[in-house]
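In what follows, a structure is listed as structure tokens, so that the remarks can point back to it.
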Amino acid sequence: VQLVESGGGLVQLGGSLRLSCAASGSRFSLNAMGWYYQPPGKQRELVAAITSDGGRTQYADSVKGRFTISRDNSKNTMYLQMNNMKPDDTAVYYCNTYPPHDGWGQGTQVTVSS
């Protein structure tokens with residue numbers, strides 16, 4: 001499965017962004033998926049994950065109540081709706097399976113200004 005992230009950009013404190021992860025191949029709907037982020041100078045971490053059928057989700061404590069992960073298996077696409085954004089959300093965001101497999105995409109840069 002090849003994954004391409006998009007939707008990042010510059011947003012002000014309290015603003016919103018919606019990230020998309022487009023997957024190629026036929027196995028997308030079989031995999032649990034996750035959004036990961038890597039803040040400047042820090043390790044990459046899990047932000048949110050979703051089961052293969054979209055029925056269950058989990059979130060890092062720092063984003064609970066602000067971010068929503070979802071997927072549309074008919075479109076081979078996963079989303080991350082980010083609301084009430086904070087400067088600490090500034091990072092490169094990646095999508096991958098959950099748990100992640102080797103081979104990360106380019107990611108998409110998200111910058112939150114105060």
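General observations
- Test: residue in the stretch 65-83 that is over 17 Å from Val110 (Cβ atoms) and among the basic types (Lys, Arg): yes
- Cross-chain or 6+ apart pairs with Cβ under 7 Å, the stretch 79-97 first and within 16 Å of Gln38 (Cα to Cα), then open to solvent by less than 10 Å² (accessible area, probe 1.4 Å) and not in a strand (DSSP E or B): Met82/Asp89
- Any hit, the stretch 42-51, residues being open to solvent by less than 60 Å² (accessible area, probe 1.4 Å), of a type in the set (Ser, Thr, Tyr) and over 18 Å from Thr68 (Cβ atoms): no
- Those residues of the stretch 61-85 which are open to solvent by less than 30 Å² (accessible area, probe 1.4 Å) and in a loop (DSSP other than H, G, I, E, B), in sequence order: Val63, Arg66, Met85
- Criterion applied to Ser26, Ser52 was being free of Cβ contacts under 8 Å to residues at least 12 places away in the same chain, among the hydroxyl-bearing types (Ser, Thr, Tyr), within 15 Å of Val1 (Cα to Cα) and outside any strand (DSSP E or B), and the one residue passing it is Ser26.
- Within the stretch 86-111, considering residues that are assigned to a loop (DSSP other than H, G, I, E, B) and polar (S, T, N, Q), the one modelled with the highest pLDDT: Thr90
- Output for the stretch 3-23, where each listed residue is open to solvent by 30 Å² or more (accessible area, probe 1.4 Å) and farther than 22 Å from Thr57 by Cα: Leu10, Gln12, Leu13, Gly14
- Residue list for the stretch 78-114, filter: small (Gly, Ala, Ser) and under 30 Å from Gly25 (Cα atoms): Ala91, Gly103, Gly105, Gly107
- The residues listed here are Leu19, Leu46; of these, the one that is in a strand (DSSP E or B) and touching a Leu at 6+ places or on another chain (Cβ under 6 Å) is Leu19.
- Looking only at the stretch 87-114, and only at residues there that are hydrophobic (A, V, I, L, M, F, W, C) and out of contact with any Pro (no Cβ under 7 Å at 6 or more places or on another chain), the one that is surrounded by the most Cβ atoms within 10 Å (Cβ to Cβ): Cys95
The values are calculated or read from the model by the stated rules, or taken from the named source; none is laboratory data. Fair warning: this is a prediction, and the values are worked out from it, not measured in the lab. With ideal geometry, Cβ positions are generated from the backbone for all residues, glycine too; neighbour counts draw on all protein chains shown. Keep in mind that these areas ignore ligands, DNA and RNA; they rest on the heavy atoms of the full protein, side chains included. Shrake-Rupley method; radii C 1.70, N 1.55, O 1.52, S 1.80 Å.
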